[in-house]
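Note sheet for the following structure.
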Amino acid sequence: MSTLSNNDRLALDAAYEQAIKSRDEGGIPIGSALIDPAGRIVARGHNERVQSGDSTAHAETVCIRNAGRRRDWHTLTLASTLSPCAMCTGTAILHRIPRVVIGEHETFLGREDWMAQEGVEIVLANDPRCVELMERFIAQHPELWDEDIGVPPAE
């Protein structure tokens, strides 16, 4: 795990703003941002699964989709407020994004092992804002959270 640079902090702040936007829209409060080496945010996205009815509309995939067609994926850093799930990890690996800044992985540990195996540099921020946002959401909406991460309903 690496330490947070100024660009990492900018990207994570943009991702956090996206998470708040999703929460305020009634969605899952997870946000993501892509930043280039010069510190420019090139795309933002937030979880839109509830808002759109699209089960693949996780924050990281929405962000990458919003970035459009590019040839510089290998120079970008992806920031996410929460540890990316298998789908979002796969999307980052497919695009050869070399660095991923993760706001927190206490409430959900995604496929950081897969990213590490593929040589992705993982930067864990342990950001208390991100932890608190997800803890509150999970406590208030456990059924929606379970739906988002694919936990079957209890019988």
Protein-only accessible surface order, largest first, of SER5, SER83 at 1.4 Å | SER5, SER83
Ignoring ligands, DNA and RNA, what percent of the accessible area of the chain is carbon or sulfur (1.4 Å)?
-> 50 percent
Ranked highest first by the average count of other Cβ atoms within 10 Å around their residues, in what order do 146-154, 108-116, 31-39, 53-61 fall?
-> 31-39, 53-61, 108-116, 146-154
Charges only on Cβ, +1 for Lys and Arg, -1 for Asp and Glu: so what's the dipole of region 94-155 about the Cα centre, in debye to the nearest 20?
-> 360 debye
Dipole magnitude (debye, nearest 20) for region 6-135, charges at Cβ of Lys, Arg, Asp, Glu = 600 debye
In Å², rounded to a whole number, the accessible area per residue of region 1-129 with probe 1.4 Å is 46 Å²
Of ILE102, ILE28, ILE138, which is the most mobile in a GNM of the chain whose springs link Cα atoms less than 10 angstrom apart?
-> ILE138
How much length is gained if the chain between ILE149 and GLU25 is pulled fully straight, taking 0.36 nm per residue apart and subtracting their Cα-Cα distance, in nm to one decimal?
-> 42.7 nm
Hey, what number do you get for the chain at 222 nm if only DSSP H runs of n ≥ 4 count, each worth -39500 (n - 2.57), divided across all residues, to the nearest 500?
-> -12500 deg cm²/dmol
Sequence order, region 126-132: Karplus ³J(HN,Hα) from phi using 6.51 cos²θ - 1.76 cosθ + 1.60, θ = phi - 60°, Hz rounded, Gly and Pro as x, gives 6, 7, x, 4, 5, 4, 4
Pull out the extension gain between ASN126 and SER52, defined as 0.36 nm times the separation in residues minus the alpha carbon to alpha carbon distance; nm, one decimal.
-> 23.7 nm
For region 43-112 and region 1-32, what is the separation of their Cα centres, given in Å?
-> 11 Å
For region 40-52, take each phi angle, set θ = phi - 60°, evaluate the Karplus expression 6.51 cos²θ - 1.76 cosθ + 1.60, and give the result in whole Hz per residue in order, putting x for glycine and proline.
-> 8, 6, 9, 6, 9, x, 9, 4, 10, 4, 5, 5, 9
Cβ-derived FRET efficiency at R0 22 Å, THR75 paired with ALA116, nearest 0.05 | 0.65
THR107 versus ASN66: modelled label distance in nm, points set 7 Å from Cα along the beta carbon direction = 1.9 nm
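The values are calculated or read from the model by the stated rules, or taken from the named source; none is laboratory data. Model, not experiment: these values are computed from the prediction. Cβ sites come from the backbone with ideal geometry, for glycine too, and all protein chains shown count toward neighbours. In case anyone asks, the SASA skips ligands and DNA or RNA and just uses the protein heavy atoms, side chains included. Shrake-Rupley method; radii C 1.70, N 1.55, O 1.52, S 1.80 Å.
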